[in-house]
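In what follows, a single structure is set out as structure tokens and then discussed.
The values are calculated or read from the model by the stated rules, or taken from the named source; none is laboratory data. What you are looking at is a predicted structure, and each value in this text was computed from that prediction instead of being measured. For neighbour counting, all protein chains shown are included, and Cβ atoms are generated from backbone atoms with ideal geometry for every residue, glycine included.
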Amino acid sequence: MTGRSPEAITSAANPLLKDLRRLAQESHAYRKLGRVWLEGDHLCDAALRRGVRPEIAVFSQSLWDEQSFRWSGEAARDVVVPDQLFAAISSLESPARMGFVIDSPERARVDPRAPSVVLDRLQDAGNVGSILRSAAAFGFTQVIAMKGTAALWSAKVLRAGMGAHFALSLVESAETHEIDTLQVPLVATSSHQGEFIHEAKLPWPCAWLLGHEGQGVDDNLAWRAKLTVHIAQPGGEESLNVAAAAAICLHASAAAPRG
């Protein structure tokens, strides 16, 4: 603990609180404001473990009274607000009582040889965050989001990712020509075409192509794939949720023999 006194903010009209409300509630606000809002101790811990130093730490008064010894001095600036003002910032049903403000990370450059996941116009923030989490868990180091994909650093994707963002190199609003720089084979998912994944010889490293929830992988990307696979569904369902399918595919890659 540094002994530094926090800054107290008590007005809902304060410019910082206005910005935080936008960051919490508007998916693309981080691009305009140059800041990202991490709400909750889990996300904040994940950032610190990866060496991210927050610009501002914001606490409800009740949490500061209980846990200032744990968090004081982690950020360049500590701010404390009344509990009701913190609740007004949050987009959660149960506000987490603390958060960090970090600078918007710079857009990464595509690493041609990295084990990758390519997201083709995925719309649902929960799906995108869940896929980021699976990618980090199964040894993929790069996620490339094509134009039209849900904003990677939005509050909803961050919550679903549960800290995976800080373990990955993230490329947003990618163009097709950037996919062409990849030097690892592309593997496309399909609901009904290609080899069964449990029978396929999966390359490593590779880049998985995961497509739009309704339309699948765009034809302009699909033809670039070296291999197309689908998942056996003996129960007879028409298709799997894309995040569930991604977890199966990425785990299969992690578990496949490497020679």
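Odds and ends about this structure:
- Within the stretch 35-115, helices (runs of 4 or more DSSP H) holding 3 or more residues that are closer than 25 Å to Ala136 by Cα and not assigned by TED's automatic domain parsing to the domain that holds Trp153: 41-49
- Condition met for His230 (touching a strand residue (DSSP E or B) at 6+ places or on another chain (Cβ under 7 Å), assigned by TED's automatic domain parsing to the domain that holds Cys249 and surrounded by fewer than 19 Cβ atoms within 10 Å (Cβ to Cβ)): no
Residue-wise test of (1) out of contact with any Lys or Arg (no Cβ under 9 Å at 6 or more places or on another chain); (2) farther than 22 Å from Cys44 by Cα.
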position: Leu132; (1), (2): yes, no
position: Ile144; (1), (2): yes, yes
position: Ala155; (1), (2): yes, no
position: Gly161; (1), (2): no, no
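- Scope the stretch 118-132; condition of a type in the set (Gly, Ala, Ser) and out of contact with any Ser or Thr (no Cβ under 8 Å at 6 or more places or on another chain); matching residues: Gly126, Gly129, Ser130
- Qualifying residue in the stretch 21-34 (condition: in contact with a Pro (Cβ under 9 Å, 6 or more places away or on another chain), part of a loop (DSSP other than H, G, I, E, B) and within 25 Å of Ala164 (Cβ to Cβ)): no
- Scanning the stretch 203-259 for residues that are assigned to a loop (DSSP other than H, G, I, E, B) and either in contact with a helix residue (DSSP H, G or I) (Cβ under 8 Å, 6 or more places away or on another chain) or polar (S, T, N, Q) (or both) yields Trp204, Cys206, Glu213, Gln215, Arg224, Ile231, Gln233, Ser239, Leu240, Asn241.
- Residue check, Ile89 farther than 30 Å from Leu186 by Cα and in contact (Cβ under 8 Å) with a residue 60 or more places away in the chain: yes
- Test: Ala13 is within 22 Å of Ser94 (Cβ to Cβ), of a type in the set (A, V, I, L, M) and in the same structural domain as Gly99 (by TED's automatic domain parsing): no
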